[in-house]
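To keep things clear, I will list the structure first and then write my remarks on it.
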Amino acid sequence: MEVSSSTSEVIVEEWSGSSSTKLSRTATITASPSLSIQRSGSRFHHVWRRILEAFVPEGFPSSVTPDYVPFQVWDLLQGLSTYIRTMLSTQALLGAIGVGEKSATVIGATFQWFLRDLTGMLGGILFTFYQGSNLDSNAKMWRLVADLMNDLGMLMDLLSPLFPSAFVFVVCLGSISRSFTGVASGATRAALTQHFALQSNAADISAKEGSQETVATMVGMALGMLLARITMGHPLAIWFSFLSLTMFHMYANYMAVRCLALNSLNPERCSILLQHFMRTGQVLSPEQVSKMEHILPVWASSWSLKKTELIHVRVSLGVRVSSLNHLELRDLLHFAGSHYKKAKYLLMERKGNICIVMHKDSTATDVLQSFLHANAMANLIDKHRILHSESQTWMDKHYEEFIQKLKVSGWKTERLLSPTIVWKANWICGSSDEKID
């Protein structure tokens, strides 16, 4: 609200907007010679803004990252296709259970549904146990994998009527597949919400995404019921519709993930940034790196690996000391007393790979430094250099400069997003003893 005064009149202007850069004047009040109120803007515009506030974060667009809008558009489109296909797969599943048939029993259908849900719950727990700590570091990849597993789950539901003797087995496989989707999608969505939030507004972004999903769900269910009604009794039409929507769903998911320009450091992004910096002395922006990193698993994108050498795959973080042989242990003890006296990590070359042993008192900063050091060393292997001395010399000269340039370019350098490091070690360097626990 702005107030301007003079000897003859007082004018009060009313402004509305959740962001200081998106304020609009809604009314002007004058007090001379008599009190008058002049409203600005149409009532329709005011109502439209109120409706829009239920679906976009407060302060939009300045309160979110630039990749928020394209990601949400593609994400809602893929969600819409999912809800449409859900009606087709659910219709097939209920028919296979026996809904509408006189021979079907309530207890039989209930037991089959119970087994389906039980296997899904167990599958979710197992998936969390094996991959829970890896979801943050590969949010893009797991986002794609989650939706692919959801596609497989719905495909199983649609196939279930074709295999009545193996109905329970097929349905349980579909349930397990969807349980992976629930865990991976929820975890990666939390990581992406934190990325979008520029003003510590992750809760608001999450709430508004819920509103968007609700609308997409309602529209998808309505279209799904219409499509199910039209294709009822026509298996060819059902399969054509399902497969077409699945292809579109996969494409929309790929485009949504490709839109993301994450500014957190994971192993692959670290490798891309460091290799470019060692060649040119410059640091790439998150947008540039997002176009270079692989969003599919390494084994699924091997066709493109010829263009990009992935140094980070040759680095093993958190190696278990007892897994090393006698000769490797002797080398490790030597390195602990020479090259890494002041470091909270140890590096060693093993069959063309770089192994990192973390100290039990190491911090998140130490983990990031050790990984960058290991990547610098891996970059020297093929050049037949003296690995430890040359890589340490490079770190001493360029590490601080590299970190500062990362910060200036918008990268988060507080930590490395990597799987949890379970195995650590302790070493004491003295004049007469060297010890590793």
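Summary table below
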| quantity | calculated |
| --- | --- |
| Which numbered condition W394 misses (of (1) open to solvent by 20 Å² or more (accessible area, probe 1.4 Å); (2) hydrophobic (A, V, I, L, M, F, W, C); (3) at pLDDT 90 or above; (4) not in a helix (DSSP H, G or I)) | (4) |
| Pair list, Cβ under 9 Å, 6 or more apart: region 276-288 residue touching a residue at least 12 places away in the same chain (Cβ under 8 Å) and outside any helix (DSSP H, G or I), other residue open to solvent by 30 Å² or more (accessible area, probe 1.4 Å) and among the aliphatic types (A, V, I, L, M) | V283/V408; L284/M292 |
| Output for region 334-347, where each listed residue is open to solvent by less than 20 Å² (accessible area, probe 1.4 Å) and closer than 16 Å to M395 by Cα | Y340, Y345, L346, L347 |
| Selection from region 309-330 of residues that are of a type in the set (G, A, S) and not in a helix (DSSP H, G or I) | S316, G318 |
| All positions within region 256-272 that are under 26 Å from S316 (Cβ atoms) and under 12 Å from the mean Cα position of the chain (by Cα) | L262, N263, S264, N266 |
| Long-range neighbours under 8 Å by Cβ, at least six apart or interchain, first residue assigned to a helix (DSSP H, G or I) and open to solvent by 50 Å² or more (accessible area, probe 1.4 Å) within region 112-129, second modelled with pLDDT under 80 and not hydroxyl-bearing (S, T, Y) | Q112/I97; W113/I97 |
| Region 355-367, residues that are outside any loop (DSSP other than H, G, I, E, B) and closer than 21 Å to F402 by Cα | I356, A364, T365, D366, V367 |
| So L262, is it surrounded by 20 or more Cβ atoms within 10 Å (Cβ to Cβ) and outside any helix (DSSP H, G or I) | yes |
| Failed condition for M255, given (1) open to solvent by 40 Å² or more (accessible area, probe 1.4 Å); (2) not assigned by the TED database to the domain that holds M87 | (2) |
| Residue in region 323-332 that is open to solvent by less than 20 Å² (accessible area, probe 1.4 Å), small (G, A, S) and at pLDDT 85 or above present | no |
| Residues (crowded, with 16+ Cβ neighbours inside 10 Å, farther than 15 Å from L274 by Cβ and over 28 Å from the mean Cα position of the chain (by Cα)) located in region 351-379 | H359 |
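The values are calculated or read from the model by the stated rules, or taken from the named source; none is laboratory data. From a predicted model like this one, the values you see are computed outputs, not experimental measurements. Glycine also receives a Cβ, built like all others from the backbone with ideal geometry; neighbour counts cover every protein chain displayed. Note: areas computed on protein heavy atoms with side chains; ligands, DNA, RNA excluded. Shrake-Rupley method; radii C 1.70, N 1.55, O 1.52, S 1.80 Å.
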